[in-house]
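I'd like to ask some things about the structure below.
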Amino acid sequence: IIELVCGGGFMKKSAVFVLLICLLFGNSFAKENELFAGMRNERYAFIGVQTKYRFGLALENSVLVQKPKIQYIRLAPYYFQEFPFGLNLSYVLYAGMRYDFDFYDLGTRISADYSILSERLQVFGSFQVFYDSDLGTELTYLAGTRLFFLPEVGFQLCIKNMPEYRKPEHRVAGGLIFRTDRISVLPEISTPLDGQSPLTRVSVSFIYHLPF
């Protein structure tokens, strides 16, 4: 079809190139802008905005900490891509610090998830490199899978050493996912795989989206 329309030669190659770009970069625009808010691991509350151009900005702050001066705040700009074959990618930069400047950190994270069987089965993963003023430089990972029994209900299981709070820990975590068009909720149990932490944690994370 491309050869018939373009007449071959340079125009044919250009059309093929444009087609490949479209396939590779997928949907570069979101349907609409949105605000979002939520909580991570019951300890960090966040708010943010994502534009229809797939750029976003999130602001996170610790909660349930006794003294105001030891609260932690983080700013994280990001970019998000959707591909036509079920693959999603996100790229995040972040920088954070404690209110009393006792420590600071900064890092970058790339995440991917791939949908199989009409989004009923998903595999996902992340790699993160960060610098902590006390801990130094760390390279961490997360890899897991999600299985949805119903469009709104599923199960998630992952293995990771990506920090749940601050320090890297080798853990396995699993929980149920409840989702609608606007909100996703993940109650989760996290168990250590080594002796770095003896604690099994129970936490809840959620995010709410508000298009505008």
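Length gain on complete extension for the stretch I73 to A95, per 0.36 nm per residue less the alpha carbon to alpha carbon distance?
7.1 nm
Between F103 and H209, what FRET efficiency comes out of the Förster formula 1/(1 + (r/R0)^6) with R0 = 35 Å and r the beta carbon distance, rounded to 0.05?
On the way: r = 32 Å, r/R0 = 0.91.
After rounding, the FRET efficiency stands at 0.65.
If I model a spin label as a point 7 Å beyond the Cα along the Cα-Cβ vector, how far apart are those points for Y53 and Y131 in nm?
Distance between the two pseudo-spin positions: 2.9 nm.
What residues have an amide H closer than 5 Å to that of R54, excluding those fewer than 5 places away on the same chain, when H is modeled at 1.01 Å from N in the peptide plane?
Answer set, sorted by chain and number: A30.
Hey, another quick one. Give the separation of the Cα centroids, region 151-183 to region 37-61, in Å.
17
List every residue whose amide H lies under 5 Å from the amide H of F103, counting only residues 5 or more places away in sequence or on a different chain, with H placed 1.01 Å from N in the peptide plane.
The answer is R98.
Over region 89-212, with the other protein chains present, what is the accessible area per residue in square angstrom, probe 1.4 angstrom?
56
Step through the residues of region 115-130 one at a time and calculate ³J(HN,Hα) from phi using the Karplus curve (6.51 cos²θ - 1.76 cosθ + 1.60, θ = phi - 60°), rounding each to whole Hz and writing x for Gly and Pro.
With coefficients 6.51, -1.76 and 1.60, one gets 9, 10, 6, 6, 6, 6, 10, 9, 10, 8, x, 9, 10, 9, 10, 9 Hz.
Can you find, among L210, G174, T137, the residue farthest towards the positive end of the dipole of region 128-210? Put +1 on the C-beta of Lys and Arg, -1 on that of Asp and Glu.
Final value for the positive-end residue is L210.
Starting from the 7 Å offset along Cα-to-Cβ, what nm value, one decimal, do you get for the label separation of E42 and N61?
Result: 2.2 nm between the two label points.
About its Cα centre, what dipole magnitude does region 98-198 give when the only charges are +1 on Lys and Arg Cβ and -1 on Asp and Glu Cβ, stated in debye to the nearest 20? It would help to have the intermediate numbers written out before the result.
Numbers: 10 positive and 14 negative charges, 75 e Å.
Charge dipole of region 98-198: 360 debye, to the nearest 20.
The values are calculated or read from the model by the stated rules, or taken from the named source; none is laboratory data. Nothing here was measured: the structure is a model prediction, and the numbers come from that model. Positions of Cβ are backbone-derived with ideal geometry, glycine not excepted, and every protein chain shown enters the neighbour counts. Please note that ligands, DNA and RNA were not included when accessible areas were found on the heavy atoms of the full protein model with its side chains. Shrake-Rupley method; radii C 1.70, N 1.55, O 1.52, S 1.80 Å.
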